[in-house]
Structures are given as C-alpha cells and as structure tokens.
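Heads up, the thing below is written out as structure tokens.
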Amino acid sequence: MRQVLKGHIDHEGVQTLLEAATTCDEAQQALADGDYEAALQLALPLVLLQTPVVAQRAKETAIAALDELVERALAAGQPKRALQYLEQWLSLEPKGFYPLLRRAEILQHDLGDLHEAWTAYLQVLRHYPNSIEAFVGLAQLALMEGNPERAYPYILRAWQSLANSEWGYTPSARTLQAVFEDLYDLTAGMLQWLGSAEEARQLTEKAISILGETELLKERMQIIEELGD
C-alpha cells in the first residue's frame, strides 16, 4: 500500500497547478488594476494550453480583458485593432454571441465594409436564428446598398421574431430603445417605399408615443412629410 501511495505522489503536478493558479491570480489583479493587456497576456496561455483547474477562470479573465480592449481600441479610433481583439475572443468562444455581433457592427459602422458586415451578420444568424439585432443590421445594409426589396424580409423577420428574440447585448431598456428606434425607422421607411406615406406616418407617431420623440424618429417624420406618397 505504501508503494502504491508513493507511486501516485505527483510533485510536478502540484508545482504546475500552484504556478498556474499564481499566474491566474496575477491576471485577475492586472484586470482589477485596469492593465488589460497584461491581464490578457497572463490569462490567455492558461486557456489555450488548457491548463487544468484554472482554465475556466483564466478564460473569464481573458474575455473580460478583451471586452475592455475592444472598446478602448474603438474609442482610440482603431477599429481594425478592435477586430483583432474580437478574433482573439472568438478563438476562446467561437460561438460567442456578443463578439460575433460586435464584429459585424464594427465592419458596418466603423469600417464601412458592407460585404464583410453582411457575411458577419449572417454568421450571427447561423448560431442565433432569432437575433433581432442581426436582422436590423442586415436591413440597414440592404438599404445602404439602395436595395429595399432585399431589406424587406429582414425587417419582417425582426417583427416576427420579437417574442422569441435573442440578444447579443444585455437587453437593458437602453439597448431595447436603440434597437426598436432603428426597427420602427426602417419599417416606416419601408411602408413609404411600398406606397403608403400615411401608414408610415401613423407608425412613426406610434413609435414616438412609445419611445419618445428621438432624433431618429423626428428625422423619419420629416422625410415622410417631405416625400409624401
């Protein structure tokens, strides 16, 4: 029995786990101190090497660091750098809803790469088929291309999926407000394109009664009045 017990004593395993845990502690401290690059560099190897015991904790730390680094890159006017961080995020979480959606948004709004943004939104829908944010994004892209017919099914699907909608962002009141403003705006524009300025006006008035007289909805009302039927 003594020999069996001695045969299972693993000094190297103890040392490895202690070192990994220490590194993970350092990564979390760097995160708490706002040194997100350091936190990422410390945590990422623990995840990629699938270090036992601490891998999940290291992954959570790395993702938290990447989340901050993406927003910092965007604030600094570096969308391509933000995309690089998102690719690292997706290497840790290939089906991550938020990083998939955020990548599509950056391609659309910050880089103006409509083709790549289209592909990115479709990738979101592959994993999250009721993503109302992706439907809205695709409708916007279609209209940016001057193609209302292509936008129509995505606007329709956004409304159809409303009760079972999936959200990449936390569905706070602020998030929902922004998405619904876009959806009402797109729908009113579509109704007018389909030949009914009056229905577009009524829908915009209803949106204002629910969401308030936002700049986007005020602009939509002005367009309706200027263009008419």
Checklist line | Any hit, segment 99-106, residues being among the small types (Gly, Ala, Ser), modelled with pLDDT of 95 or more, part of a helix (DSSP H, G or I) and closer than 21 Å to Pro171 by Cβ | finding: yes
Next item on the list: Please work out which residue is modelled with the lowest pLDDT, limiting yourself to segment 46-81 and to residues that are in a loop (DSSP other than H, G, I, E, B) and either among the aliphatic types (A, V, I, L, M) or touching a Ser or Thr at 6+ places or on another chain (Cβ under 6 Å) (or both).
Entry: Leu49
Margin query: Being modelled with pLDDT of 95 or more, surrounded by fewer than 16 Cβ atoms within 10 Å (Cβ to Cβ) and under 14 Å from Leu44 (Cβ atoms) is true for just one of Gln84, Gln88. Which residue is that?
Written below: Gln84
Next item on the list: Return the only residue of Phe135, Phe180 being in contact with a Lys or Arg (Cβ under 7 Å, 6 or more places away or on another chain) and either not β-branched (Val, Ile, Thr) or not in a helix (DSSP H, G or I) (or both).
Entry: Phe135
Check: Looking only at residues in segment 122-173 that are at pLDDT 95 or above, of a type in the set (D, E, K, R) and surrounded by fewer than 17 Cβ atoms within 10 Å (Cβ to Cβ), which one is farthest from Glu105 (Cα to Cα)?
Finding: Glu149
Item checked: Pairs where the first residue, in segment 201-229, is under 12 Å from Leu191 (Cβ atoms) and the second is of a type in the set (Lys, Arg) and part of a helix (DSSP H, G or I), C-beta under 7 Å, 6+ apart -> Thr204/Arg220; Ile224/Arg201
Notebook entry, point to check: Before we move on, is Leu186 part of a helix (DSSP H, G or I), aliphatic (A, V, I, L, M) and surrounded by fewer than 21 Cβ atoms within 10 Å (Cβ to Cβ)?
Noted result: no
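The values are calculated or read from the model by the stated rules, or taken from the named source; none is laboratory data. Predicted model only: the values in this text are computed from it and were never measured. Note: ideal-geometry Cβ built from the backbone for every residue, glycine included; neighbour counts use all protein chains shown.
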